[in-house]
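What follows is a single structure, written as structure tokens, with notes after it.
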Amino acid sequence: MSTEREPIGVIGTGYVGLVTAAGFAELGSEVWCVDIDAEKIARLQQGEVPIYEPGLKEMLAKSAGRLHFSTDLVGALEHARLLFVAVGTPPTHSGDADLSAVHAVVDAIPASDRHALVMKSTVPCGTGASIQRVFGEQGKVGLRYVSCPEFLKEGSAVKDFLHPDRVVVGDNGDWAGDAVIELYAPLQAPLLRTDIASAEMIKLAANAFLATKISFINEIANVCEEVGADVVEVAQGMGSDARIGPKFLQAGLGYGGSCFTKDVSALKLLAGNSGYHFQLLNAVIEVNELQKRRVVSKLQKHLGELAGKRVALLGLAFKPHTDDMRGASSLVLAARLEAEGAHVRAFDPIAEVQARKLMEQLDYAPGALEAVADADAVVLVTEWPEFIELDWRQVAEAMRGTLVIDGRNALDADAVHAAGLVYEGIGRGRGPEARSSEPGGQAFMSEESA
Ligand SMILES: NC(=O)c1ccc[n+]([C@@H]2O[C@H](COP(=O)([O-])OP(=O)(O)OC[C@H]3O[C@@H](n4cnc5c(N)ncnc54)[C@H](O)[C@@H]3O)[C@@H](O)[C@H]2O)c1
């Protein structure tokens, strides 16, 4: 690997910042990482990785000599002319993107003819234009601006960095855009160079479309339950159409995470603030909120009143292979169950530390079998591989009830049923049950799941 790669600065050492830093360091750049969180920086300086992301620890360790961590933004400017901004842009109370961290960075950069700000944070369309206006007002006209939206997925972020589906660079056609393209060149990914507003819009539109796909299949699942079809088979049939594709057609408890929820809302409000009513996104958001709550009605259907019932939640993170609890369906589910008077006992292989920060009161079990002990019902919330591989006979022995709700349609329904348990997925209609009660098949329906 060449040692003459462009050095870079990365502002914000969260999921995106750390992966970006580790990735470019692996490609040979010296990387100057900056965060306002002094404790986080101290841990990173000690070689600790504050978040869980598969492969990230190893990638950071491999390039440790090229990675520098500090709280000094201006210091980073001495070493790097490109500053990748990866600070958080959480939703405000109104649902718009909170750009205060982005603006803190904008204000902190001194005037320069040599530096450029490369926006990795997801920001509303128009942010680049307004930041360049601010640069002008602050007498910092020499600063360049590039939009380089990030598409990595938590849980496979390292792989996504190294093998992106595409790299989008939105710029004004100057040296900064060229330099960003040069940095990504070794990845040999398809490149899309656009104007800044289009790059910003690509990111928001991509996330809103994926969220729409999820809400769509969840609505199909809910109809499947009414009409006796199996959404897993329906999705398979739909997804094998090349125009549709199989991804993001898994019905379940709805989308979570920090990005979809806030980006869909930010796009809806961006449209609204610009005078356009984005009707479709209202439905996408509402369907997702209702979907998280449907499990409660499923539990009530089988167990009646939930007061005094014991419910085990398997998984808390918003998806497997991450410890990120932002927007996790488990937050809504646990709160609703507790409000109904149920006792909730939960286990997550990785996310417990993060979960405790948001749900201190929850009863945390040290393992899956401990979580299901004496439970009236088990709900699969996050499809961690270890839950998929559970021995359902052991689960059945440990439980006091028999109900298993598969909130991700990820379990082997036959194995659950063979253990003497009652299986209910999302939108499975009468699919697997009907088949197994056909002549020659094993009866699957129990009174409880009828
Ligand atoms: N997490 C994802 O999967 C993902 C994927 C694509 C895009 N994004 C976008 O990337 C951005 C970052 O997301 P994230 O998940 O990495 O956030 P994060 O919360 O994990 O990390 C943000 C980091 O920025 C730091 N920070 C805040 N203000 C700062 C400042 N003024 N100076 C320096 N550091 C500062 C915080 O201390 C924190 O460490 C967001 O806009 C998000 O929408 C996230």
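Structure notes:
- Criterion: more than 20 Å from GLU150 (Cα to Cα) and among the small types (Gly, Ala, Ser) - qualifying residue of ALA64, ALA22, ALA86: ALA64
- Selection from region 68-119 of residues that are of a type in the set (Gly, Ala, Ser), away from the ligand (no atom under 14 Å from the Cβ) and open to solvent by 20 Å² or more (accessible area, probe 1.4 Å): SER94, ALA111, SER112
- Residue pairs whose Cβ atoms lie under 7 Å apart, separated by 6 or more positions or on different chains, with the first residue in region 146-157 and in contact (Cβ under 8 Å) with a residue 40 or more places away in the chain and the second open to solvent by 10 Å² or more (accessible area, probe 1.4 Å) and near the ligand (Cβ under 7 Å from one of its atoms), are PRO149/THR122; GLU150/VAL16; LEU152/VAL16; GLU154/TYR15; ALA157/TYR15.
- LYS62 vs. criteria among the basic types (Lys, Arg), crowded, with 22+ Cβ neighbours inside 10 Å and either within 12 Å of the ligand (Cβ to nearest atom) or under 30 Å from PRO385 (Cβ atoms) (or both): no
- Only residues that are in a loop (DSSP other than H, G, I, E, B) and either open to solvent by less than 20 Å² (accessible area, probe 1.4 Å) or of a type in the set (D, E, K, R) (or both) were counted in region 301-319, giving 7.
- Restricting ILE202, ILE214 to residues that are over 30 Å from ALA129 (Cβ atoms) and within 16 Å of the ligand (Cβ to nearest atom) narrows the list to ILE214.
- Single match in VAL372, VAL344 (criterion: in contact (Cβ under 8 Å) with a residue 40 or more places away in the chain and touching a helix residue (DSSP H, G or I) at 6+ places or on another chain (Cβ under 9 Å)): VAL372
- Where a residue in region 172-191 is farther than 15 Å from TYR145 by Cβ and its partner, wherever it lies, is assigned to a helix (DSSP H, G or I) and among the β-branched types (Val, Ile, Thr), with Cβ under 7 Å and at least six apart: LEU191/ILE181
Residues checked against (1) touching a residue at least 40 places away in the same chain (Cβ under 8 Å); (2) open to solvent by less than 60 Å² (accessible area, probe 1.4 Å); (3) assigned to a loop (DSSP other than H, G, I, E, B):
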| position | (1), (2), (3) |
| --- | --- |
| ALA197 | yes, yes, no |
| LEU204 | yes, yes, no |
| LYS213 | no, yes, no |
| CYS224 | yes, yes, no |
| MET238 | no, yes, no |
| GLY252 | yes, yes, yes |
| ASP263 | yes, yes, no |
| ALA283 | yes, yes, no |
| SER297 | no, no, no |
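- Selection status of VAL19, out of contact with any strand residue (DSSP E or B) (no Cβ under 7 Å at 6 or more places or on another chain), open to solvent by less than 10 Å² (accessible area, probe 1.4 Å) and within 12 Å of the ligand (Cβ to nearest atom): yes
- Test: ASP35 is within 11 Å of the ligand (Cβ to nearest atom) and either open to solvent by 50 Å² or more (accessible area, probe 1.4 Å) or in contact with a Cys (Cβ under 9 Å, 6 or more places away or on another chain) (or both): no
Residues checked against (1) in a loop (DSSP other than H, G, I, E, B); (2) open to solvent by less than 10 Å² (accessible area, probe 1.4 Å):
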residue: LYS357; (1), (2): no, no
residue: GLN394; (1), (2): no, no
residue: ILE405; (1), (2): no, yes
residue: ARG408; (1), (2): yes, no
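The values are calculated or read from the model by the stated rules, or taken from the named source; none is laboratory data. Note that the coordinates shown come from a computational prediction; the quantities given were computed from them, not determined experimentally. Heads up, the Cβs are rebuilt from the backbone with ideal geometry, glycines too, and the neighbour counts pull from every protein chain shown. With ligands, DNA and RNA removed, areas are computed over all heavy atoms of the protein, side chains included. Shrake-Rupley method; radii C 1.70, N 1.55, O 1.52, S 1.80 Å.
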